[in-house]
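Asks: Have a look at this one.
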Amino acid sequence: MAPASAPDTPPWLTTGRAVAAALVAECLPGVHFEPPDFPREELGASLVGLELLVDRHFEPDGGIPVHYELLATVMVRGRRLAWLGLGGTGHVDLDAAAAGGLLAAARALQASSDSGHSGIDTAIGRTITRVRLLVEDGKALARGHSAQDGHTSREWLLNDCAPGPLPKAWAHLLDCMRDLAAVPALGPRLLPRGPVDLGPAFAARAAVPLPHVQTRLLLDQRLWLRVGQDATSRLYRVDVDPSQVHEVDAAGRTVQTLELGDGSSVDLPGISLTRRQVVLADDHLDVTIIDRAAWIYVQRD
């Protein structure tokens with residue numbers, strides 16, 4: 001499924017950086033971005049911080065919003081990412097490449113015009129989940145601009161009565177944050193995203209690395225997942241109907257079979273799999289990397 005030898009950097013991290021660069025190239029033509037070589041001085045001068053707020057409230061027709069609840073606050077200051085919300089608190093220190101990747105994702109989001117889409121809402125009240133990004137522009141502040149000019153914000157609203165997937169730029173920013181820290185309130189169940197496009201190589205049935213620590217795949221046909229790229233690696237086959245996970249040995253024999261019901265999770269060595277049933281569409285498969293040092297590849301049948 002994949003080369004026996006592996007590079008020094010986990011594939012989900014290198015692929016995530018490539019996606020960041022592609023998003024910047026798409027949204028900001030002419031901007032040069034190379035996360036692994038992102039200069040420390042440029043990072044400090046161009047970005048003071050990021051702040052992501054996730055909250056929700058109930059909004060009745062013609063009434064005042066009620067039942068406000070703050071779900072998560074994620075802040076990046078300098079080289080540290082910290083979060084507070086459902087599931088507790090925590091922080092991680094960032095290297096220049098990781099901080100540069102977040103900056104690229106934030107820039108792409110600021111430049112994006114994709115506001116997403118939702119279905120028809122005929123309810124008399126609905127729960128609204130709001131995601132708001134605040135970016136502090138260090139360059140603007142350093143040039144003597146006012147604090148107001150040095151801050152920009154974007155927000156996205158999810159109507160629980162007519163949900164739609166996160167726009168691509170929003171989804172990528174949250175993917176980058178989840179790659180760096182396990183923030184429970186940023187999970188795909190609360191903030192749904194569409195399946196990740198794994199590119200032409202995957203479409204041509206080649207094995208490709210998972211791009212993120214949490215990756216949502218379209219489960220429209222059988223998938224193969226390999227965990228590890230050495231003699232101890234494990235191969236899994238995910239069937240659509242019946243929804244099952246099979247561990248397969250080197251000779252192609254089934255070692256064990258596990259049921260994969262809607263919303264249920266199967267924990268395997270190195271990864272966790274969760275099937276999400278989608279109304280009037282193909283199901284999704286959420287793959288979460290547990291062993292971040294493992295080399296995990298996916299392939300279509």
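Asks: Among the numbered criteria (1) farther than 21 Å from Asp283 by Cβ; (2) outside any loop (DSSP other than H, G, I, E, B), which one does Ala251 miss?
Replies: Unmet for Ala251, out of (1) farther than 21 Å from Asp283 by Cβ; (2) outside any loop (DSSP other than H, G, I, E, B): (2).
Asks: Just to verify a result, which residue in segment 58-70, among those that are loosely packed, with under 15 Cβ neighbours inside 10 Å and in contact with a Phe, Trp or Tyr (Cβ under 9 Å, 6 or more places away or on another chain), is nearest to Ala97 (Cα to Cα)? Show your work before the answer.
Replies: Quick first cut of segment 58-70, residues loosely packed, with under 15 Cβ neighbours inside 10 Å only: 60-70.
Next cut, in contact with a Phe, Trp or Tyr (Cβ under 9 Å, 6 or more places away or on another chain) only: 65-68.
Values: Pro65: 41, Val66: 41, His67: 39, Tyr68: 36 Å.
Within segment 58-70, the match that is nearest to Ala97 (Cα to Cα) is Tyr68.
Asks: Restricting segment 222-244 to residues that are assigned to a loop (DSSP other than H, G, I, E, B) and of a type in the set (Asp, Glu), which is modelled with the highest pLDDT?
Replies: Only one residue fits best here, namely Asp241.
Asks: Residue check: is Val278 within 27 Å of Ala181 (Cβ to Cβ) and either among the aliphatic types (A, V, I, L, M) or assigned by TED's automatic domain parsing to the domain that holds Cys161 (or both)?
Replies: Answer is no for this residue.
Asks: Under 7 Å between Cβ atoms, which residue pairs at least 6 apart in sequence (or on different chains) link something in segment 197-214 that is closer than 18 Å to His284 by Cβ with a partner that is basic (Lys, Arg) and modelled with pLDDT of 90 or more?
Replies: From residues that are closer than 18 Å to His284 by Cβ, the pairs are Phe202/Arg300.
Asks: Got a number for residues in segment 233-256 being farther than 19 Å from Gln299 by Cα and either assigned by TED's automatic domain parsing to the domain that holds Ala162 or β-branched (Val, Ile, Thr) (or both)?
Replies: 1
The values are calculated or read from the model by the stated rules, or taken from the named source; none is laboratory data. Remember, predicted model here, so these are calculated numbers, not experimental data. For neighbour counting, all protein chains shown are included, and Cβ atoms are generated from backbone atoms with ideal geometry for every residue, glycine included.
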